[in-house]
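Trainee: Mind looking over this structure? Questions follow.
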Amino acid sequence: MDKKKQKHEIIAEYLVGDTTTRKLAKKYGYGHATISRWVMSHQKKIKQQPLSYSKSVLESQQAMLSTVEELQEALRLSRLKIDLLEAMIDISDEQFGTEIRKKAGARQS
């Protein structure tokens, strides 16, 4: 793996927040101070980035939020459809005296 790519991977892994610089240092074979320096340098660069970087990050976050909202709406509609179908089965069973739903583990003929 290219050292530059590995450096970015280590920084990203640290920024996710699941680990410490010491654990990363042990995992990748670097000193924890080196990794701390990389992270601080990366954070400093982000703060100095022009607004266009922040705008692009904000736009991607908004796009993800709209996608999440669309998926939540699709899930809500699917659940509503399932509830309606189950109600139809219940009504059908009641009116015709049948059991449409099969019991779990029933043998098929």
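Trainee: Read through the list (1) outside any helix (DSSP H, G or I); (2) modelled with pLDDT of 90 or more; (3) charged (D, E, K, R), then give the number of the only condition that Arg107 fails.
Mentor: (2)
Trainee: Kindly list the number of the only condition in (1) over 21 Å from the mean Cα position of the chain (by Cα); (2) at pLDDT below 90; (3) surrounded by 11 or more Cβ atoms within 10 Å (Cβ to Cβ); (4) acidic (Asp, Glu) that fails for Asp90.
Mentor: (2)
Trainee: List pairs: first in the range 22-42 and outside the structural domain of Lys5 (by TED's automatic domain parsing), second of a type in the set (Val, Ile, Thr), Cβ under 6 Å, 6+ apart or cross-chain?
Mentor: Cβ pairs passing all conditions: none.
Trainee: Scan Lys5, Lys102, Lys45, Lys55 and give me the residue that is modelled with pLDDT under 85, among the basic types (Lys, Arg) and under 25 Å from the mean Cα position of the chain (by Cα). Spell out how you get there, then give the answer.
Mentor: Numbers: Lys5 fails: modelled with pLDDT under 85; Lys102 fails: under 25 Å from the mean Cα position of the chain (by Cα); Lys45 fails: under 25 Å from the mean Cα position of the chain (by Cα).
Of the residues listed, the single one that is modelled with pLDDT under 85, among the basic types (Lys, Arg) and under 25 Å from the mean Cα position of the chain (by Cα) is Lys55.
The values are calculated or read from the model by the stated rules, or taken from the named source; none is laboratory data. The structure displayed is predicted, hence computed values, not measured ones. As a convention, Cβ positions derive from the backbone with ideal geometry for all residues, glycine included, and neighbour counts pool all protein chains shown.
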